[in-house]
Amino acid sequence: MYVCICNDVKEKQIKAAIASGVDTLDGLKNTLDVATCCGCCEPMVNDYLDEHHTMMADTALIEQLAYAV
Ligand code: FES
């Protein structure tokens, strides 16, 4: 699915970049050129980033709880 029509960037590319450690909007802009033209895709890119950061926080919390037991 296309996320950024202006720069021909698909959801799969964004998620792969985030998974590889590019987990900021500026990083994604620099790496993929996403959200660097009209900006219409920026909210969706931020949603992917929020989803990733929430998952990372949940994982960290689960690891802390596992050590506490
Ligand atoms: S749709 Fe991404 S910058 Fe325009």
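The values are calculated or read from the model by the stated rules, or taken from the named source; none is laboratory data. All values reported here derive from a predicted model rather than from experimental measurement. When we count neighbours, we look across all protein chains shown, and the Cβ atoms used for this are built from the backbone with ideal geometry, even at glycine. Heads up: the accessible areas ignore ligands, DNA and RNA and are worked out on the full protein's heavy atoms, side chains in. Shrake-Rupley method; radii C 1.70, N 1.55, O 1.52, S 1.80 Å.
Between Val34, Val45, Val22, which gets the highest mean-square fluctuation from a Gaussian network model of the chain, Cα cutoff 10 Å?
Val22
For Met44 paired with Ile5, estimate the spin-label separation in nm (one decimal), with each label point 7 Å from Cα along the Cα-to-Cβ line.
1.0 nm
With springs only between Cα atoms under 10 Å, which of Thr54, Thr24, Thr36 fluctuates most in a Gaussian network model of the chain?
Answer for the Gaussian network model of the chain: Thr54.
How much of the accessible area of the chain, probe 1.4 Å, is carbon plus sulfur, in whole percent?
That share works out to 57 percent.
With every protein chain kept in place and ligands, DNA and RNA left out, what is the accessible area per residue of the chain? Probe 1.4 Å, answer in Å².
69 Å²
So if R0 is 22 Å, what FRET efficiency would Ala16 and Glu63 give, r being the distance between their Cβ atoms, rounded to the nearest 0.05?
For Ala16 and Glu63, the calculated efficiency is 0.35.
At 10 °C and 1.306 mPa s, what whole-number value in µm²/s does Stokes-Einstein give for the translational diffusion of the chain, with Rh from the Kirkwood sum over Cα pairs?
124 µm²/s
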